[in-house]
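The values are calculated or read from the model by the stated rules, or taken from the named source; none is laboratory data. All of these numbers come straight from a predicted model, not from anything done at the bench. Cβ placement follows ideal geometry from the backbone for every residue including glycine, while neighbour counts extend to all protein chains displayed. Heads up: the accessible areas ignore ligands, DNA and RNA and are worked out on the full protein's heavy atoms, side chains in. Shrake-Rupley method; radii C 1.70, N 1.55, O 1.52, S 1.80 Å.
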Amino acid sequence: MKSATDIPIVRPPWRLFDGYQPLEGAYDEMIASPGVLRPHCEGFVRSIEALDLQEFASRGEAAKRSIRENGVTYNIYDDPQGVDRPWELDMVPLLVSPAEWARLETALVQRTTLLNLILADLYGPQTLLGLGLLPPSLVFSNPAFLRPCHGIPVPHGIHLHMHAVDLARSPDGQWWVLADRTQAPAGAGYALENRIVLSRNLPETFRDCHVHRLASFFRAQRDSLMALAPHSPDQPKVVLLTPGPHNETYFEHAYLARYLGFTMVEGGDLTVRDRRVFIKTLEGLQPVDVIFRRLDDGFCDPLELRSDSSLGVAGMVEAARAGNVAIANALGSGVIETAAIMPFLPGLCRHLLGTELMLPSVPTWWGGRPSDLQYMLEHIDQVVMKQAFPAAAREPLFGKRLVEREKSSLAAELRARPEHFVAQEHVSLSATPVWYQQKLEPRRVVLRTYVAAAGDTYTVMPGGLTRVSSTLDVPIVSMQYGGGSKDTWVLSDGPVSPVTLLAPAGSPTHPERAGSDLPSRVAENLFWLGRYAERGEHAIRLLRSVVARLADRDTTDPLELSALLHMLVDLAMLPERFAEPVPLRQLEADMLAFIFKENPHAGLRHTLNELRRIAAVVRDRLSLDTWRILNQLHQNLRLRHERIQFDDVLAHLNRMITDLAAFSGMEMENMTRGHGWRFLDVGRRLERAMNAITLVRRALAASPSNDAVLEPLLEIADSSMTYRRRYFARPQLAPVLDLLILDEANTRAVAFQLAAVSEHIRHLPRDPNAPSPTREERLIDHALTTLRQVDPLAVLRDEPEGTGEVTAGLVSIEDDLEALSEAITYFYFSHAELRVS
């Protein structure tokens with residue numbers, strides 16, 4: 001007879017759409033009618049339901065964890081919490097049927113071709129203006145029309161190398177174009193990351209649904225960009241120009257640069273000489289053939305475009321004019337981003353392509369046409385009012401949400417400056433289900449598609465970036481308004497062949513040992529990345545010594561704790577109040593607050609925030625595993641001291657030390673031994689040497705007893721085990737000094753650091769005109785000579801002469817290392833000083 005425990009538990013079948021309520025009056029992307037799925041969605045839903053609820057929810061958490069660990073972020077402007085905000089990805093993709101995608105693909109290629117022809121005419125013969133097909137006021141009053149770029153030849157006649165189209169579906173199922181992005185379209189990298197994360201977390205579903213791959217699109221884009229090179233067609237130099245880490249989509253810039261194999265640069269990394277663009281590298285100027293820009297038009301050249309821009313390169317326009325560099329997208333392409341051009345596109349399509357426009361724009365009216373202006377004034381409460389020109393962009397105004405006073409004010413402004421306004425029909429956007437709190441809920445959706453040049457035609461990404469509103473109450477679907485994203489699955493009727501960006505088997509390749517394209521800015525950031533990594537570890541080890549003794553205060557020597565606190569106060573690691581006697585409970589609370597609180601100028605949190613900031617700047621130079629380690633360290637730090645007990649602090653500090661040790665291990669074992677690695681390690685070794693010298697000097701000056709700080713000193717220097725194995729005795733000053741200063745076999749000793757720095761200095765790029773030895777070599781050699789003259793046994797002689805002798809030697813070495821850091825900065829990073837003998 002079976003017991004109750006032997007009877008299998010039968011769970012009721014799980015249904016993904018149980019409780020889902022389609023949005024009334026809107027097209028639903030997955031539900032055809034109540035309880036009825038759209039045919040192309042049935043396979044996906046069956047596959048998900050086969051997982052059961054718990055498994056699907058678990059995979060959703062795994063996807064979030066992957067995004068967090070990979071550091072996928074998006075910066076929201078004017079939001080204190082918006083910097084490095086984790087990317088939001090929904091587990092239910094937007095599904096597009098094969099037949100529908102075929103129609104969209106053809107229409108998108110037509111639209112991009114049309115816009116490219118319009119750009120070619122506006123920056124060329126301007127026949128469209130002469131024929132009246134475009135009003136001159138629409139072009140010449142637009143700040144995005146760059147007069148210095150008129151007549152500049154573009155390779156192969158391609159102005160638009162990358163075009164993004166925002167699509168929305170009206171209640172009748174018709175796709176409409178909401179906007180065209182033609183300057184530096186964003187989001188393709190996020191679409192790729194969405195695909196990688198979702199396909200790894202739903203591999204069976206992805207395979208069963210026969211989803212088209214994205215790699216073919218990026219391969220075509222990469223090949224097309226490389227084919228633009230005017231000087232080196234066989235081995236072109238392509239760079240991705242980014243505004244920098246404060247840009248909202250900086251993650252994507254680093255991600256695409258790494259994925260496509262391009263060098264990511266900022267404006268300061270480039271210079272123009274003799275009408276050619278060069279990267280300023282450690283080994284000299286390296287010519288650039290193609291600039292794949294993620295920088296808006298006007299910011300690209302402060303000499304001929306926006307004089308207040310610090311993001312671009314002076315002379316870039318002239319280099320393009322001379323045909324010495326190709327820029328994608330071509331400068332000036334932002335002139336057709338304005339929605340004001342939409343009413344003219346059907347006529348332009350008939351004139352330029354001899355056919356009807358296949359993909360209509362959402363009904364749009366431009367105030368520069370009298371008939372349109374009249375319509376806008378009469379229907380102000382039924383339309384969405386926008387600024388016509390991107391340079392004057394402001395939030396869209398939804399007429400139905402305005403009160404009478406606001407409508408009157410808007411109408412007056414519209415009459416005063418009609419050409420600066422456009423109105424668009426308020427389309428009721430389609431809805432799509434999103435996974436929220438263990439169930440599906442409808443959200444508004446906008447699909448951003450991407451079209452890239454491919455030879456003499458265009459190719460469309462089989463998918464795109466689907467964005468969903470944060471709530472149904474938010475009228476604008478945008479990441480800047482807290483929205484989320486979805487992967488976009490374009491389905492196929494059969495199995496899809498795998499595609500890769502790698503060259504096919506048998507293709508000839510040229511061996512390369514090391515790149516010579518390390519910009520000075522990147523080298524400087526790697527140098528400081530090494531310094532801040534070591535600085536952070538040193539701070540954690542110091543604070544851990546105090547916390548460990550407070551946690552085990554019953555067996556801790558009070559003199560040892562007191563001496564350690566005084567030493568940290570002297571090092572400015574702790575505020576002066578920590579040197580005064582206070583109750584232990586108060587000391588614990590103060591330590592807890594000091595370790596985890598925000599401080600914009602000092603403290604552990606400031607140091608580790610700087611470490612992550614610098615790492616973000618050189619993100620394209622770091623492996624994904626390395627970034628995961630730094631991201632985990634950042635997550636471990638993001639605690640409020642009110643939420644953590646003092647007993648847990650020690651374990652928390654131990655985890656942070658483990659994270660930094662893992663980062664160090666990735667640096668030593670996984671980084672290519674190029675100049676970048678050398679500068680990173682030089683920064684680490686200099687910082688470690690100076691920290692060790694400072695600690696030893698404070699220990700020598702400690703009172704009332706030097707011996708009280710020797711055990712903590714060994715512990716902070718991670719040398720306790722080595723000392724015990726050698727001496728089997730309590731710490732004594734002379735052997736401790738020998739171990740921490742002179743022992744070249746001890747990786748924490750000053751001697752080890754100086755030897756490593758000396759080796760690096762001799763392998764850094766050299767100016768053939770510089771004196772030999774260089775200033776850096778002389779400084780490190782002098783430091784090594786001084787170190788060899790330090791005698792730890794001198795401290796056994798009568799005070800103060802013995803201790804003073806050791807201290808003087810350490811001070812001299814510290815001065816040499818400070819001067820060495822400055823010399824490296826001058827000669828390799830800022831190039832602010834000539835080498836002199």
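A few remarks follow.
- Some residue of region 35-52 being open to solvent by less than 40 Å² (accessible area, probe 1.4 Å), acidic (D, E), at pLDDT below 95 and assigned to a loop (DSSP other than H, G, I, E, B): no
- Count of residues meeting criterion [open to solvent by less than 30 Å² (accessible area, probe 1.4 Å) and in a strand (DSSP E or B)] in region 259-283: 8
- Scanning region 333-350 for residues that are open to solvent by 10 Å² or more (accessible area, probe 1.4 Å) and either touching a Gly at 6+ places or on another chain (Cβ under 7 Å) or not in a helix (DSSP H, G or I) (or both) yields a single hit, E337.
- Flag: E252 matches the condition of being touching an Asp or Glu at 6+ places or on another chain (Cβ under 9 Å), at pLDDT 90 or above and part of a helix (DSSP H, G or I).
- Scanning region 207-242 for residues that are free of Cβ contacts under 8 Å to residues at least 40 places away in the same chain and part of a helix (DSSP H, G or I) gives a single hit, R207.
- Out of I693, I780, I761, one residue alone is more than 30 Å from G284 (Cα to Cα), open to solvent by less than 30 Å² (accessible area, probe 1.4 Å) and β-branched (V, I, T). It is I693.
- Test: residue in region 791-798 that is modelled with pLDDT under 85 and either assigned to a loop (DSSP other than H, G, I, E, B) or of a type in the set (S, T, Y) (or both): yes
- Residue check for S664: polar (S, T, N, Q) and open to solvent by less than 20 Å² (accessible area, probe 1.4 Å): no
- The single condition among (1) outside any loop (DSSP other than H, G, I, E, B); (2) open to solvent by less than 20 Å² (accessible area, probe 1.4 Å); (3) at pLDDT 95 or above that E318 does not meet is (2).
- So V434, is it out of contact with any Phe, Trp or Tyr (no Cβ under 9 Å at 6 or more places or on another chain) and of a type in the set (A, V, I, L, M): yes
- Just one of the numbered conditions (1) at pLDDT below 95; (2) open to solvent by less than 20 Å² (accessible area, probe 1.4 Å) is not true of D172: (2).
- Annotation for region 68-85: no member residue is more than 26 Å from H246 (Cα to Cα), basic (K, R) and either open to solvent by 70 Å² or more (accessible area, probe 1.4 Å) or part of a loop (DSSP other than H, G, I, E, B) (or both).
- Residues located in region 426-449, provided they are over 18 Å from V45 (Cβ atoms), crowded, with 21+ Cβ neighbours inside 10 Å and in contact with a Ser or Thr (Cβ under 6 Å, 6 or more places away or on another chain): R444, L447
- Screening region 711-727 for residues that are assigned to a loop (DSSP other than H, G, I, E, B) and open to solvent by less than 50 Å² (accessible area, probe 1.4 Å) and picking the one that is farthest from R531 (Cα to Cα) gives S719.
- Number of the exception - R111 against (1) assigned to a helix (DSSP H, G or I); (2) under 24 Å from A257 (Cα atoms); (3) open to solvent by less than 20 Å² (accessible area, probe 1.4 Å): (2)
- Qualifying position, being modelled with pLDDT of 90 or more and in a helix (DSSP H, G or I), among A745, A708, A734, A751: A751
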